[in-house]
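This report concerns only the one structure given below.
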Amino acid sequence: QVQLVESGGGLVQPGGSLRLSCAASGLIFNIARMRWYRQAPGNQREMVASIAGSFNTYYADSVKGRFTISRDNAKNAVYLQMNSLKPEDTAVYFCNVEYMGRDFWGQGTQVTVSS
């Protein structure tokens with residue numbers, strides 16, 4: 001069974017940084033396209049970034065130039081480095097993978113950007 005566990009969320013001031021981590025198990029990690037989504041209250045869940053292989057990345061326009069997705073295949077982990085955070089980045093952030101025809105989600109980690 002695929003399991004995803006996020007960590008690293010918290011409260012940060014505008015302009016600050018956070019690094020989210022997602023530990024994955026139960027899959028062949030190095031071939032999986034990993035994604036980060038977020039969902040703010042009252043909003044639909046939106047994809048923030050994805051990574052396939054080590055360098056094939058995608059970013060939503062709203063986070064380009066501020067967020068960086070990366071992975072460590074030796075640790076079965078994917079990361080989201082978030083810089084220059086804005087109040088509108090406040091959301092629950094989820095790790096996601098589509099694997100063997102199924103979608104798997106972590107439990108989410110709360111990111112709050114506020115002064």
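The values are calculated or read from the model by the stated rules, or taken from the named source; none is laboratory data. Note that this is a predicted model, so its numbers are computed, not measured. All Cβ positions, even for glycine, are placed from backbone atoms using ideal geometry, and neighbour counts span all protein chains on display. For accessibility, only protein heavy atoms count, side chains too; no ligands or nucleic acids. Shrake-Rupley method; radii C 1.70, N 1.55, O 1.52, S 1.80 Å.
Observations on the structure shown:
- Take the Kirkwood radius over Cα pairs of the chain, plug it into Stokes-Einstein at 10 °C and 1.306 mPa s, and you get 113 µm²/s for translational diffusion.
- Computed label-point distance, nm, for sites Ile28 and Gln13 using a 7 Å Cα→Cβ extension: 4.8
- Ordered by 1.4 Å accessible area with all protein chains kept, Arg102, Arg38 run largest first as Arg102, Arg38.
- Taking the accessible area of the chain, probe 1.4 Å, and keeping the other protein chains in place, the carbon and sulfur fraction comes to 47%.
- Here, the stretch 52-115 yields an orientationally averaged convex hull projection of 5.4 nm² when only Cα atoms define the hull.
- Rolling a 1.4 Å probe across the protein heavy atoms gives the chain an accessible surface of 53 Å² per residue.
- Gain on full stretching of the segment that runs from Gln39 to Asn56 - 0.36 nm per residue minus C-alpha separation: 3.8 nm
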